[in-house]
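Written below as structure tokens is the structure these notes are about.
Every number here is computed from the coordinates shown, using simple stated rules; none is lab data. All figures in this text were calculated on a predicted structure; none of them were measured in a lab. No Cβ is skipped: glycine too gets one built from the backbone with ideal geometry, and neighbour counts run over all protein chains shown.
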Amino acid sequence: MIHDQFKAQLTIDQIDKGAIAAQAPSNIALVKYWGKYGQQLPKNTSISFTLSNCKTTTTLEFERKNSPGFDFEVYLDEQREIAFEPKIEAFFERILPYCPYLEEYSFKINTHNSFPHSSGIASSASGMSALATCLVQLEQKISTIDLTPEDAIQKASFLSRLGSGSACRSLEGPIVVWGEHDAVNESSNLFGTLLRKDIHPIFKDYCDTILLVDKGQKQVSSTVGHGLMHGHPFAQVRFDQANENIGKILKVLSEGDQAKFIEIVESEALSLHAMMMTSLPYFILFKPNTLKIIETIWHYRKDTGIPVCFTLDAGANVHVLYASSDAEAVQNFISKELSQYCQNRQFIHDKAGMGASLI
Ligand code: DP6
């Protein structure tokens, strides 16, 4: 199904060549997206903190051409990355109905990730949202319609969703919802929506330290994992649980209730991995050190009363979440007690941020 409101309207005289640069961060889901249908539509609503430090910077060089079809090359840190190109090709194919100019230019896509390559941190959310931000900017230059800043963000979110679902939550911040939900005005399955309701100050700059437990390639990709939710015996219960958790977490985020926040966020992380463990074929993405970290966090929380918790993505790395007012104590704890469980003792301090921007 084509959504006409996102189709570009182009002028006859187009720009011959140029370059656009943008940066976009990764995000960490509090209520997880796991299961999709149709063209990258979520089976349940999800909500995330947009991050700040873990980001992708992309420069899109474009030059007008006369030959048919796509013509692009992808570079990571100045080196050609042929391995990324099939994913970009699939992305271009999906968004072509909305961005017909993709066939009129040849592109050089240069990307740089702020986080180490092969850190196990997925670059698809930051990468797709940075590229989508560049494309929407290109479209602004060659389009007859002036998009408002809000519409430009919404289109970038819509396009990045077609590249990687969770990417649509990286355009704005600090908290974004994706998927229709009664409790969030203007929420949509098509793009992320900035949470505009009251957010308690404690959650506006919440910290996330990413512990790099396993930097290797995941043995099951997110896309395959989402697919295994089709026919999964617990799928419907899981989707209902997530939608209920959205209602609960919205209250928690406005009231600043960290105890309830911890309960929802940790339960969501474990439910996500429980879905993986009960898929057919079943799989386990966390590692022994993931569990050691979880236990150590639980002991620390019990002993100190400091409200710190964990969440997990589709991988073995652990995100440690805590208020900025507790940053000193928690970061000390991370260095002293948790870093031993990380590969090469590596971790990255990050916090909630504001989303993508042009450079
Ligand atoms: C576990 O967005 O990476 O991180 O849409 O297939 O690209 P695709 O999947 P992706 O899935 C992310 C899943 C998750 C949870 C989340 O971010 O909500």
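Within a straight-line Cα-Cα reach of under 14 Å, Lys336 can be paired with the following aspartates and glutamates, leaving aside sequence neighbours fewer than 8 residues apart in one chain: Glu328.
When +1 charges are put on Lys and Arg Cβ atoms and -1 charges on Asp and Glu Cβ atoms, the dipole computed for the stretch 10-145 relative to its Cα centre reaches about 640 debye.
Shown here for the stretch 48-157: trypsin sites (Lys or Arg not before Pro) in loop regions (DSSP other than H, G, I, E, B) with at most 16 other Cβ atoms within 10 Å, namely Lys65.
Of Lys55/Lys141; Lys248/Lys351; Lys36/Lys351; Lys32/Lys248; Lys302/Lys351, which ones are farther than 18 Å apart at the Cα? Check vs 18 Å cut-off fails for Lys55/Lys141; Lys248/Lys351; Lys36/Lys351; Lys302/Lys351. Rounded to the nearest 20, the Cβ-based charge dipole of the stretch 186-243 about its Cα centre (Lys and Arg +1, Asp and Glu -1) stands at 100 debye.
The longest stretch of the chain left intact once loop-based GluC sites (Glu not before Pro) with at most 13 other Cβ atoms within 10 Å are removed from consideration, loops following DSSP, is 187-359.
log10 I(q)/I(0), Debye, Cα-only the stretch 1-65, no solvent, q = 0.13, 0.22 Å⁻¹? The Cα Debye sum returns log10 ratios of -0.71, -1.02.
D by Stokes-Einstein for the chain, Kirkwood Rh over Cα pairs, 25 °C, 0.890 mPa s: 118 µm²/s.
Taking 0.36 nm per residue of separation and subtracting the current Cα-Cα distance, fully stretching the chain between Lys260 and Glu328 would add 22.2 nm. Bridge orientation summary for the chain: considering DSSP beta bridges with both residues in this region, about 90 percent are antiparallel. Helices from the chain with mean Kyte-Doolittle at least 0.0 and a Cα length along the axis of 18 Å or more, per DSSP H: which? Long hydrophobic helices here: 124-142, 258-277. Using C-alpha pairs under 8 Å with a sequence gap of at least 6, the mean separation divided by the residue count of the chain gives a relative contact order of 24 percent.
Each Lys and Arg Cβ is given +1 and each Asp and Glu Cβ -1; about its Cα centre, the chain then shows a dipole of about 720 debye.
For the stretch 232-298, a/c is not less than 1.5, where a ≥ b ≥ c are the root eigenvalues of the C-alpha gyration tensor, and a/b does not top b/c. That puts it in the oblate class. What the Cβ-Cβ distance of Ser267 and Gln39 gives, at R0 = 35 Å and to the nearest 0.05, is a FRET efficiency of 0.70. Computed extension length for Gln140-Lys17: 42.9 nm, one decimal, from 0.36 nm per residue of separation with the Cα-Cα distance subtracted. By the rule of a C-alpha distance below 15 Å, with chain neighbours fewer than 8 residues away ignored, the aspartates and glutamates paired with Lys17 are Glu61, Glu63, Asp71, Glu103, Glu104, Glu139. Since only Phe283, Ser187, Ala167 are under comparison, the one whose Cα sits farthest along the positive direction of the charge dipole of the chain, derived from C-beta charges on Lys, Arg, Asp and Glu, is Phe283. If you take the square roots of the eigenvalues of the alpha-carbon gyration tensor of the stretch 239-359 and sort them as a ≥ b ≥ c, do you get rounded (a/c under 1.5), prolate (a/b over b/c) or oblate? Because its axes are fairly even, with a/c under 1.5, the stretch 239-359 counts as rounded.
Secondary-structure-derived ellipticity at 222 nm for the chain, considering helices only, amounts to -10500 deg cm²/dmol, per-run term -39500 (n - 2.57) for DSSP H runs with n ≥ 4. Please give every one of the lysines within straight-line cross-link reach of Lys87, meaning a C-alpha to C-alpha distance under 16 Å, and leave out same-chain neighbours fewer than 8 residues apart. The qualifying lysines are Lys108. From the Cα gyration tensor of the stretch 1-155, with a ≥ b ≥ c the square roots of its eigenvalues, which class applies: rounded if a/c is under 1.5, or else prolate if a/b is larger than b/c, or else oblate? Judged from the Cα gyration tensor, the stretch 1-155 comes out oblate (a/c at least 1.5, b/c at or above a/b).
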